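The values are calculated or read from the model by the stated rules, or taken from the named source; none is laboratory data. Keep in mind that this is a model prediction, so the values were computed, not measured. For neighbour counting, all protein chains shown are included, and Cβ atoms are generated from backbone atoms with ideal geometry for every residue, glycine included. Note: accessible area is taken over every heavy atom of the protein model, side chains too, but ligands, DNA and RNA are not part of it. Shrake-Rupley method; radii C 1.70, N 1.55, O 1.52, S 1.80 Å.
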Amino acid sequence: MDTVTNSAAGRIVEWAEVGQPRAHESAVLHVLGEATYTDDIPELQGTLHAALGLSQKSHAKIISINLDAVAGSPGVVAVLTAKDIPGTNDCGPIIHDDPILADGLVLYIGQPVFAVIADSHDNARRAVRNAKIVYEELPAILTPQAARDAQSFVLPPLHLKRGDFERAHAQAVHHLKGRLYVGGQEQFYLEGQIAYATPKEDHGMLVLCSTQHPSEMQHVVAHALKLHAHDVVVECRRMGGGFGGKESQSALWAAVAAIGAALLKRPVKLRADRDDDMLVTGKRHCCYYEYEVGHDNDGRIIAAKVEMVLRAGYSADLSGPVATRAICHFDNAYYLSDVDIAALCGKTNTQSNTAFRGFGGPQGAIAIEYVIDEIARNLGQDALEIRRRNLYGRNDIEGRNVTPYGQTVAGNVLHELISELEESSDYGQRRAAIHTFNANSPILKKGIAITPVKFGIAFNVTHLNQAGALVHVYVDGSVSVNHGGTEMGQGVHTKVAQVVAHELGIPLAQVRITATDTSKVSNTSATAASTGADLNGKAAQDAARKIRERLAEFAAAEFGGSDSAGAVKFAHGMVHVRGEAIPFATLVQKAYMARVQLWSDGFYATPDLHWDPTSMTGSPFSYFAFGAGVSEVVIDTLTGEWKLLRTDLLYDAGNSLNPAIDIGQVEGGFIQGMGWLTTEELCWNAEGKLMTHAPSTYKIPSVSDCPDDFHVKLFKNGNVADSIHRSKATGEPPLLLSFSVFFALRDAISSIAGHKINPPLNAPATSEEILKAVVAVQVAARSA
């Protein structure tokens, strides 16, 4: 916040654009239906439309393929197969094991085999159904457990050890072991996958694409067309949601559209139908766990071992980094002295799973929360107390503040944050009231749980933690900003605009963010890992600061007399120098006439990050975000139906850049996480076909699933790391606050037997899964 003198009143006033609850930069356009998404862009004359022909077998050789009927269908202009790709038939982001179009071998039901280019979207979709393909079926692996048993992996196993698990486990007073299965999750972005490719002069290609990673799309398209990167421009103004599903998975759609456009010399649009989108693309990795833990009489964990088997799908995609982050978040909020953590990326004949909000962090952290929950029940204590005893320490003296991978947990506020939430949510009184309710209610049972989160912010791959930006100041005082981040509704453009407005001392309305464009800012990282505002905000701040410093030097020389440039202040759209207030636009005009450069680039690279993938050690994160959630539920023990009654969330956003947007992110992340753990069930049949490929069968949370009593608050705490204005990320960490719902359900089920039996509850905790756990507890209680 800048302090300036109001020359008219002679008083000191404070001014800031950051930290203000500004509306989303596209809010009005969203409400009026005027926000332009890729499919809203007016189509050029001669635009063609593509559709994909999908495999009907989960694992098979293609013996023959007859596409004559497809080519002869109404409106069809061309039919493309793998042999028509000019360059590399690959869209894998890391390992080159992911063909754009299958070539002789199909690895899952839904894999694209050919593409139809027609005069309309409907004609293209109708034509793909006329293909005649003969397959020779091969054995298929459909579950992570089956992949582990067959030693079928897309990558070598990952393994992190600290201390001596075997020795510590043997010395522990109490031991527990068990299994857990947590399902995957469809991203279910409102705007489906889409790309619109237009050929340009001299073999150039412009791709308008709904993607979180324009630079990756540029690389894939360039390789597919056998071009250089500078021949391809990828642009994205906004997405209708991404959630990780458009980080690498948008490459297939961009590549097919570009290949068709290049071969036919006409614009080609590929827009996925929802069913096709869900059948083709990867989801959050489901995960199967086997764990062993030793603990003392107070519930403090002495030794922990876990094997996580992720369903990677048919190719590597981003499974390696996802598994790495799962390992790095197994500890969640707890100090674990002696650990043995393994992650296996099982190769299955299903969709190639990919990034999803949290990127493996939720899968890692829920396992240790499940363990804590079991320890508490085994000891007959409140799980909150067991959680407290296992929390990371707050300083070196306590000796409990270093993660299993060797990074110090700096700025740990979990102790005070949890205490504040416990008090503000009336946790103790409500738990007592729930105990009374359950004692007098034989059918309906209530449960409550409080769960913490510690989440590392940065890409695990160090070199990705960089960003660039361009800032242009025009002679009328308006400002244009371009940066490498992509807008998917999360508000990164709004936050970056606030940062630039604050740096230049002008109202937010004077700043406009332009579409992310690979020809403006090159070699960008994906907008992912909750780093969008951190990285691009710093880069834009760097660019704006250079311009402000030039203007300050000019103002000092022009108006300041003996005043130095450092004495010149920018605020309220005015420039304050020698007690005078000059309109920003006036100074800019004068600076232009004096030939002062009014544009600048900016760059930022997150400092002090390092990671050794061989030893699985280092300091991969810039800082940690913290939070906690309390949820109360009620279940019907006869049907398994349930309802979320109340939720209280307290989240550490540091010095929030925009409290309105951050609170919205916390709310949205929580509800999305709740869907993952309760209603969103992915089901494949015995042949390996995904049966939940539309909203009729795949259930995301609706408004009626949100609690009537919903309290969300940001914890007051500046970031100890030098992040943008000492703020913290809010994209991914809040999703883990939904753990409180899952464990509240488990608490309600366990009340049937007086909290003496651990319910065997897997996720998602659908009504069917809850009922199974209820029956299991009832049977165990009768036999006890």
query: Which of the residues that make up segment 332-368 are closer than 23 Å to Ile457 by Cβ, buried (at least 24 other Cβ atoms within 10 Å of the Cβ) and of a type outside the set (A, V, I, L, M, F, W, C)?
result: Asn332, Tyr334, Asn353, Thr354, Arg357, Gly358, Gly360, Gly361, Pro362, Gln363, Gly364
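Do we have any residue at all in segment 369-381 that's of a type outside the set (Ser, Thr, Tyr) and under 21 Å from the mean Cα position of the chain (by Cα)?
Checked segment 369-381: at least one residue is of a type outside the set (Ser, Thr, Tyr) and under 21 Å from the mean Cα position of the chain (by Cα).
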message: Here is a list: Ile397, Ile341. Which entry is at pLDDT below 95 and not small (Gly, Ala, Ser)?
response: Ile397
task: Go through the residues of segment 525-540 one by one and say whether even a single one is more than 30 Å from Val322 (Cα to Cα) and of a type in the set (A, V, I, L, M, F, W, C).
output: no
message: I'd like the residue in segment 421-459 that is part of a helix (DSSP H, G or I) and aliphatic (A, V, I, L, M) and, out of all such residues, is most open to solvent (accessible area, probe 1.4 Å).
response: Ala439
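Do the conditions hold for Lys643, that is, is it over 30 Å from Gly320 (Cα atoms) and of a type in the set (Lys, Arg)?
For Lys643, the condition - over 30 Å from Gly320 (Cα atoms) and of a type in the set (Lys, Arg) - is met.
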task: Please specify each residue of segment 126-182 satisfying the condition of being without any contact (Cβ under 8 Å) to a residue 60 or more places away in the chain and at positive phi.
output: Gln151
Index of the failed condition, Val492 passing every other in (1) crowded, with 17+ Cβ neighbours inside 10 Å; (2) among the hydrophobic types (A, V, I, L, M, F, W, C); (3) touching a Phe, Trp or Tyr at 6+ places or on another chain (Cβ under 8 Å): (3)
query: Inside segment 594-610, can you point out the residues that are exposed (fewer than 13 other Cβ atoms within 10 Å of the Cβ) and over 17 Å from Glu549 (Cα atoms)?
result: Pro607, Asp608, His610
Residues satisfying the stated conditions in segment 185-210, i.e. under 21 Å from Leu48 (Cβ atoms) and part of a helix (DSSP H, G or I): Glu201, His203
- prompt: Does Ile752 qualify as being modelled with pLDDT of 95 or more, under 26 Å from Lys454 (Cα atoms) and either open to solvent by 10 Å² or more (accessible area, probe 1.4 Å) or assigned to a loop (DSSP other than H, G, I, E, B) (or both)?
  reply: no
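Listed here are the residues, each with its yes/no results for (1) open to solvent by less than 20 Å² (accessible area, probe 1.4 Å); (2) outside any loop (DSSP other than H, G, I, E, B); (3) of a type outside the set (Val, Ile, Thr).
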| residue | (1), (2), (3) |
| --- | --- |
| Gln212 | yes, no, yes |
| Ala222 | yes, yes, yes |
| Leu227 | no, no, yes |
| Glu235 | no, yes, yes |
| Gly240 | yes, no, yes |
| Gly245 | yes, no, yes |
| Ala255 | yes, yes, yes |
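Residue-by-condition table, conditions (1) open to solvent by less than 10 Å² (accessible area, probe 1.4 Å); (2) aliphatic (A, V, I, L, M); (3) touching a residue at least 24 places away in the same chain (Cβ under 8 Å); (4) not in a strand (DSSP E or B):
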residue	(1), (2), (3), (4)
Glu632	no, no, yes, no
Ile635	yes, yes, yes, no
Gly640	yes, no, yes, yes
Lys643	no, no, no, no
Gln672	no, no, yes, yes
Pro695	no, no, yes, yes
Asn717	no, no, yes, yes
Val720	no, yes, yes, yes
Thr730	yes, no, yes, yes
- request: Could you list, in sequence order, all residues of segment 551-582 that are under 21 Å from Val471 (Cα atoms), open to solvent by 60 Å² or more (accessible area, probe 1.4 Å), out of contact with any His (no Cβ under 8 Å at 6 or more places or on another chain) and touching a residue at least 24 places away in the same chain (Cβ under 8 Å)?
  value: His572
- prompt: Only one of (1) out of contact with any strand residue (DSSP E or B) (no Cβ under 7 Å at 6 or more places or on another chain); (2) buried (at least 23 other Cβ atoms within 10 Å of the Cβ); (3) part of a helix (DSSP H, G or I); (4) not aliphatic (A, V, I, L, M) fails for Arg782. Which number is that?
  reply: (2)
field: Residue among Ala585, Ala625 that is of a type in the set (A, V, I, L, M), modelled with pLDDT of 95 or more, part of a helix (DSSP H, G or I) and out of contact with any Ser or Thr (no Cβ under 7 Å at 6 or more places or on another chain)
entry: Ala585
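Sort through Leu421, Leu414 and tell me the only one that's closer than 16 Å to His329 by Cα and among the aliphatic types (A, V, I, L, M). Quick ask: steps written out before the conclusion?
Numbers: Leu421 fails: closer than 16 Å to His329 by Cα.
Going through Leu421, Leu414 in turn, the sole match is Leu414.
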query: Residue check: is Asp84 surrounded by 15 or more Cβ atoms within 10 Å (Cβ to Cβ), acidic (Asp, Glu) and modelled with pLDDT of 95 or more?
result: yes
task: Look at segment 269-303 and say how many of its residues are in contact with a Lys or Arg (Cβ under 7 Å, 6 or more places away or on another chain) and open to solvent by less than 20 Å² (accessible area, probe 1.4 Å).
output: 5
- line: With criteria (1) more than 29 Å from Glu369 (Cβ to Cβ); (2) without any contact (Cβ under 8 Å) to a residue 60 or more places away in the chain, Ser615 comes up short on (1)
message: Please determine whether any residue of segment 500-507 is open to solvent by 10 Å² or more (accessible area, probe 1.4 Å), part of a loop (DSSP other than H, G, I, E, B) and touching a helix residue (DSSP H, G or I) at 6+ places or on another chain (Cβ under 7 Å).
response: yes
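Kindly indicate which of Tyr592, Tyr604 is within 23 Å of the chain's Cα centre (by Cα), of a type outside the set (A, V, I, L, M, F, W, C) and either assigned to a strand (DSSP E or B) or farther than 30 Å from Glu416 by Cα (or both).
Matching residue, one of Tyr592, Tyr604: Tyr604.
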